[in-house]
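The values are calculated or read from the model by the stated rules, or taken from the named source; none is laboratory data. This one's a predicted model, so the numbers in the text were calculated from it and none came from an experiment. FYI the Cβ positions are ideal-geometry reconstructions off the backbone, even for glycines, and counts take in every protein chain you see.
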Amino acid sequence: MKGVLLAGGTGSRLRPITHTGPKQLIPIANKPVIQYAIEDLKEAGITEIGVVLGTQGREAVQEFLGDGSDLGVEITYIVQGKPLGLAHAVGCTRDFVDGDDFVVYLGDNMLNEPITRFVDRFAEGDYSAGVALQRVPNPEQFGVATLDEAGNVVRIDEKPENPESDLVVIGIYLFSAAVFDAVEGVTPSERGELEITDVFQTLIDEGKPVYSHRVEGWWKDTGKPEDILEANRLVLDDAAATAEGTVDPGAETMGKIDLHDSATIEAGAVVRGPVSIAENVVIGGGTYVGPYTSIGPDTEIRGAHVENSVVIGESTITAREKFVDSLIGRGTVMESKDGYLPDGHRLVIGENSRLKL
Amino acid sequence: MRIITLTCPNCDTVVSGNLLEEERVMHCPGYRCSATLSFENLPETDRQYILDHPDYFEL
């Protein structure tokens, strides 16, 4: 069994964060999203991983993953170019897959349960493909699966107006090599993409069984800022406390705190977990870091109130303001405007930024 | 639709044929690979397929 990790896409819903880096490298609890997928594949015994890259953020993903050895896997890059659809991305992996079964994992998706059982059940059967499904309250926004009595998929409807069930396809698929012939049998849709739902339908129409696996734990597609914050909350809820850094006398800490050994919480600061604080972070006096916050490396916070937020890193926050539900990009400086005239906010804001002032 | 790719002989990176057609000649996009890849490295029939179906490779 091999793994294929899809790491293309433009990340348009995460601008301006994705103007300067790929969405798959946005940290969740101080670990890039894509690393969770690699660890999930590795836990399922899959160490030969093809990473499909698009046109944007290619070098950054390669710099992070390298040849995979630092993460205990072997990585082959597959360069798709234009985002011509999930089925086109899958089709590009044919030489890498070389006849094996393989898992396709969307590189911005996260699960809190291992894919091991999904992979094992698929391998035990004689399936052409498999889909991971989850019940959601808003199935009309997803691909909705219809199952037969045996639990195999008989139809997938993309964003139906009147969904027949609340079981939707999430970003993890399993395929046998039979999928490549099915990919060749489909043509681009009206939006110019080779659609993976068309590939599944081709397999089903040819009488090739498609296995379904229900994911009971949480699943997140981290495509929007609010998804990043929610994934951060979910991961921090499950994380262990590893307070290895320095907590000065006079600092107040409570709850689960993942504190890197080079990070410092100074006297007069209050930190309430669950939080994740990365290397070389200083939480200065007068600062409040509230639950469900991740502070990325090389960041200094003094006098601010930060809660339910992700600070990606290399930032300085000294404005005596309250920041909640915020996704703060790398290299951000937020200082006090006190003493500056005329009074008012002074902003340098990137394209597609969103502020509530 | 056929998906045509070229595998770099140096690092095994796989490159889509449509990207090669766009670039014609390119540095291998593999990790720290110094090979040069060309659309001409594809077999004639593959090149012709890509050239005959430009609508398949436009968004």
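Some notes on this structure:
- Residues that are outside any loop (DSSP other than H, G, I, E, B) and either free of Cβ contacts under 8 Å to residues at least 12 places away in the same chain or under 17 Å from residue A:17 (Cβ atoms) (or both) within the stretch A:307-334 comprise A:310, A:311, A:317, A:323, A:327, A:328, A:333, A:334, listed in sequence order.
- Condition check for residue A:207: away from chain B (no Cβ under 14 Å) and part of a loop (DSSP other than H, G, I, E, B): yes
- Chain B holds strands (runs of 3 or more DSSP E) entirely within its bounds, and those carrying 3 or more residues that are without any contact (Cβ under 8 Å) to a residue 24 or more places away in the chain and either within 24 Å of residue A:182 (Cα to Cα) or more than 8 Å from chain A (Cβ to nearest Cβ) (or both) map to B:14-16, B:25-27.
- If you check A:68, A:50 for being at pLDDT 95 or above and buried (at least 23 other Cβ atoms within 10 Å of the Cβ), only one passes: A:50.
- Given (1) of a type outside the set (Phe, Trp, Tyr); (2) without any contact (Cβ under 8 Å) to a residue 40 or more places away in the chain; (3) assigned to a loop (DSSP other than H, G, I, E, B), number of the condition residue A:352 does not satisfy: (2)
- Restricting the stretch A:52-72 to residues that are touching a residue at least 40 places away in the same chain (Cβ under 8 Å) and in a loop (DSSP other than H, G, I, E, B) leaves a set whose member that is farthest from residue A:189 (Cα to Cα) is A:57.
- Within the stretch A:213-247, considering residues that are acidic (Asp, Glu) and in a loop (DSSP other than H, G, I, E, B), the one surrounded by the most Cβ atoms within 10 Å (Cβ to Cβ): A:244
- Residue match in the stretch A:280-287 (condition: under 26 Å from the mean Cα position of the chain (by Cα), closer than 26 Å to residue A:246 by Cβ, crowded, with 18+ Cβ neighbours inside 10 Å and not hydroxyl-bearing (Ser, Thr, Tyr)): yes
- The stretch A:161-178, residues that are over 25 Å from the mean Cα position of the chain (by Cα), more than 14 Å from chain B (Cβ to nearest Cβ) and not polar (S, T, N, Q): A:161, A:163, A:164, A:178
- Odd one out for residue A:73, checked against (1) farther than 30 Å from residue A:125 by Cα; (2) crowded, with 18+ Cβ neighbours inside 10 Å: (1)
- Residue A:181 satisfies every condition listed in (1) within 23 Å of the chain's Cα centre (by Cα); (2) modelled with pLDDT of 90 or more; (3) within 25 Å of residue A:46 (Cα to Cα) except (1).
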